[in-house]
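Below: one structure, written as structure tokens.
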Amino acid sequence: METPTPSPTFYVREVPVYGDVMLAPMDGYTDMPFRALCAEFGSAMSYTEFISADSVVHFDARDDITRRKLQFDARERVRVVQIYGHDEEHLVRAALRIQEEGIDILDLNLGCPVRDITARGAGAGMLRQPATIARVMERLTRALRVPVSAKIRLGWDEQTRNYLEVARILQDAGASLIAVHARTRAQGYTGTADWHAIAEIKQAVKIPVLGNGDVKTVADIARIKAQTGCDGVMIGRAAIGNPWIFARQERAQIAPAERIAVMRRHLAHHLEFYGATRGLILFRKHAYRYVQGERGAAALRHALMLCNDVREFERLLDEFVRSLPA
Ligand SMILES: Cc1cc2nc3c(=O)[nH]c(=O)nc-3n(C[C@H](O)[C@H](O)[C@H](O)COP(=O)(O)O)c2cc1C
């Protein structure tokens with residue numbers, strides 16, 4: 001008997017999205033191996049780390065970093081490449097070039113709080129210039145075949161929370177989805193995310209809205225959906241070392257040996273992607289989070305952070321698994 005095909009949870013213009021939880025873009029974390037793993041556990045969309053439009057415009061085949069950032073795995077379903085920049089011409093040229101990679105959606109970063117980036121009017125810096133947002137989004141949506149989305153913060157600071165204005169501008173300029181990290185730029189990652197603002201945005205626009213900020217547990221997924229009516233829930237920090245959240249399973253409920261087994265699978269793909277030496281160094285921050293809070297794993301955590309050798313890394317994990325109660 002044929003299993004019925006599930007219907008999409010929502011559409012980004014004509015792109016169907018199956019599922020309502022997705023991994024948030026995180027520079028330094030959401031590379032292909034981690035996104036593919038999260039997709040396998042149920043993350044419904046795959047956003048790349050942010051990529052500088054300038055780096056794409058000046059891209060040549062030798063630019064290993066940009067090339068890697070633009071790669072996707074077969075397990076990733078809705079492929080979203082996120083770009084940032086201040087030069088309108090470069091943003092459009094970069095977007096056109098990226099479109100040729102076979103992506104599903106092009107996303108514009110309007111939330112990055114890093115000073116060097118905002119000072120030039122890119123990332124969250126663009127929230128201070130709504131007219132620029134309108135122009136850039138119009139140019140992107142006119143130039144591209146694929147739908148264009150944006151990821152925003154609530155405004156520059158407490159005095160300029162212009163999220164409703166920005167959300168309407170994005171929609172009017174042709175954007176097909178808005179992801180909202182419910183903090184201002186001035187807040188950085190402090191304070192609590194204001195989910196009420198996400199609810200206001202959802203009320204104000206017709207395009208799908210993703211709610212983001214401080215979703216830490218499986219119960220939080222239902223809470224943010226109920227409080228905001230958002231179409232999807234984007235999870236960042238709480239997904240590091242915890243792909244199970246996309247299967248709506250609490251990490252604490254997963255047996256330690258199973259957690260280590262998944263981490264090893266992640267590690268293997270990661271080493272294949274980056275090569276052994278660089279791969280292991282880059283993997284340590286993931287490893288730390290996989291074993292964080294694990295009982296009796298303080299020594300393991302410490303040893304993993306100092307380890308430079310793949311075989312020794314594997315041996316440390318073997319030893320830890322053998323020490324677990326049957
Ligand atoms: C290390 C790190 C890197 C991030 N890089 C990006 C990025 O490249 N693009 C982006 O739109 N947001 C980025 N963010 C913001 C996250 O996507 C997300 O909006 C934020 O962490 C709040 O969600 P959370 O509480 O679930 O972590 C980053 C966050 C962190 C912690």
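The values are calculated or read from the model by the stated rules, or taken from the named source; none is laboratory data. As the structure is a computational prediction, the values presented were derived from the model and not from experiment. Ideal geometry is used to build each Cβ from the backbone, glycine not excepted, and the neighbour counts take in all protein chains shown.
Odds and ends about this structure:
Results for (1) modelled with pLDDT of 95 or more; (2) outside any helix (DSSP H, G or I); (3) crowded, with 18+ Cβ neighbours inside 10 Å; (4) of a type in the set (F, W, Y), shown as yes or no for each residue.
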| position | (1), (2), (3), (4) |
| --- | --- |
| G279 | yes, no, yes, no |
| F283 | yes, no, yes, yes |
| A287 | yes, no, yes, no |
| G296 | no, yes, no, no |
| A299 | no, no, no, no |
| A303 | no, no, no, no |
| N308 | no, yes, no, no |
| R315 | yes, no, no, no |
| P325 | no, yes, no, no |
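- Sub-7 Å Cβ pairs linking a first residue in the range 114-143 that is closer than 14 Å to W156 by Cα to a second residue that is surrounded by 23 or more Cβ atoms within 10 Å (Cβ to Cβ) and polar (S, T, N, Q), at least 6 apart or interchain, are G123/N109, ordered by first then second residue.
- No other residue among A74, A94 is more than 23 Å from S43 (Cβ to Cβ) and in contact with a helix residue (DSSP H, G or I) (Cβ under 9 Å, 6 or more places away or on another chain) apart from A94.
- For the range 1-44, filtering for residues that are among the acidic types (D, E) and within 16 Å of the ligand (Cβ to nearest atom) leaves 3.
- Set L106, L127, L110, L96: member being over 12 Å from the mean Cα position of the chain (by Cα) and within 12 Å of the ligand (Cβ to nearest atom): L110
- Scan of the range 208-221 for residues that are farther than 18 Å from V17 by Cβ and away from the ligand (no atom under 13 Å from the Cβ), ordered by number: V218, A219
- Of E138, E101, E158, all but one fail to be modelled with pLDDT under 95, surrounded by fewer than 18 Cβ atoms within 10 Å (Cβ to Cβ) and away from the ligand (no atom under 13 Å from the Cβ); the exception is E101.
- Scanning the range 222-243 for residues that are away from the ligand (no atom under 14 Å from the Cβ), part of a loop (DSSP other than H, G, I, E, B) and either in contact with a Phe, Trp or Tyr (Cβ under 9 Å, 6 or more places away or on another chain) or under 16 Å from A39 (Cβ atoms) (or both) gives a single hit, D231.
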